[in-house]
Amino acid sequence: MKDQDNTYIAKTFAGLEQVLARELLSMGAGNVETLRRAVSFEGDRRMLYKANIRSRAALSILRPLDAFLFDTKESFYGQMREIDWPGLFSPGKTISVIATAHDSAVFNNTMFLAQLSKDAIVDVFYDTCGGRPDVDTTGAQVRIVVNVQGDSCKVSLDSSGEPLFKRGYRKSGGKAPINEVLAAGLIMLSGWDMKSPFLDPMCGSGTFSIEAAMMSAQMPPGGERKGFGFSHWNDYSEDLMREEQAAARDEQRPLQASIVASDNKGIMLDITRQNVMNAGLLGSIQVQKNDFFAYHPKEATGWLLLNPPYGHRMGKQDVRALYIHIGDALKHRFAGFRAGIISADLDAMKNIGLKPTSRFPVFNGPLRCTFNLYDLFEGKRKEHVVKVRGTKDRKGEGAAKRRTRI
């Protein structure tokens, strides 16, 4: 019997909505729409499992259960009880409630909102099953998401459980490691073709390199994951889960690109090597000790991504000098490359001294950032633009001639 399609909400970082939407479309999701820090889509259970296993740009995937209006705590409690909780999961599961409230005259304390939600759920189980699920605030099997906005409430189940950025390979990181989902999203925004050389010359804990390698080798982020939130739902299918994980693993291929992770700190390289090994990519990523400011790439073309220190980690003059040196290094030693730089220090980014070809507003946790892309070339920008335009014009003329011959 075919599963009925449901609507799901995939959460992501601000700025990554479009890449997540394209990713879900490529998996076969239906009615894909971008929202604020999220993407809605439709699909059956197989689609839900596939999205959790394969998505690189999603933080979590929610299954909406109900939406209702309320004007008192009593009416909220009553409508939470209207949801068929025993039909969703058994009383033997552990639960947690993740609650948020904005502009609410009823709830000015999210802890109370979570408690009242939990009370309603537990009371339903008591009345219908004679037992109740226990609460686990750290490792719950079933996570219930309650969002209150004014006098309206949306209730969802978190199908992912542990956030999807927890790929399992990063046991340790540097002082400010970039989130795995953000790293993957920036690589996708950069337009990397998964075949050209990829450089991670300030690698830190190696997240850019590992995410790039997983993309190039088509390794599913959740291919080896033991369980998801949906694994604890009543309608969970172990066979379907195994089918989807096996199908994703079967699509893996040898690495298609040369990937180099480098740093000038030996301790960070040790962390990177450990993370590379944890990801099952030992021997696929070159881990080297290099000083970016003295680095001369062997490749003539390729991609490089940087997550340099932001101003709050350094003094104002120090960070200004750093970004000037980054711009000089890119200009003089990486001609032929495309460079991507993420930073929360918008003033410091001006000191790069290069004109970005694209700018993307993104968030790194709570920090508002920009992700700038630079096409690097030798000589003056005006000469480069004329050369590029001339090449495009010649290609256009050739295409016109071919059409004429036909």
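Odds and ends about this structure:
- Legend: distances between Cα atoms for Lys11/Lys331; Lys195/Lys289; Lys171/Lys331; pairs beyond 26 Å are Lys11/Lys331; Lys171/Lys331.
- Sum of -39500 (n - 2.57) over DSSP H runs of 4+, divided by residues of the chain (222 nm, nearest 500): -11500 deg cm²/dmol
- Listed options for Rg and Dmax of the Cα atoms in Å are [x] 21.8, 66; [y] 21.8, 73; [z] 24.4, 80. The value calculated from this structure is the one marked [z].
- Note on the chain: with a GNM built from Cα contacts shorter than 10 Å, the maximum mean-square fluctuation among Gly43, Gly283, Gly204 falls on Gly283.
- Sites Glu33 and Asp103, calculated FRET efficiency, Cβ-Cβ separation with R0 25 Å, nearest 0.05: 0.55
- Long-range HN-HN contacts of Glu162 with modeled amide H, under 5 Å: Gly229
Computed from the coordinates by the stated procedures, all read-outs in this text should not be read as laboratory data. All values reported here derive from a predicted model rather than from experimental measurement. Counting neighbours? That spans all protein chains shown, and the Cβs are built from the backbone with ideal geometry, glycine included.
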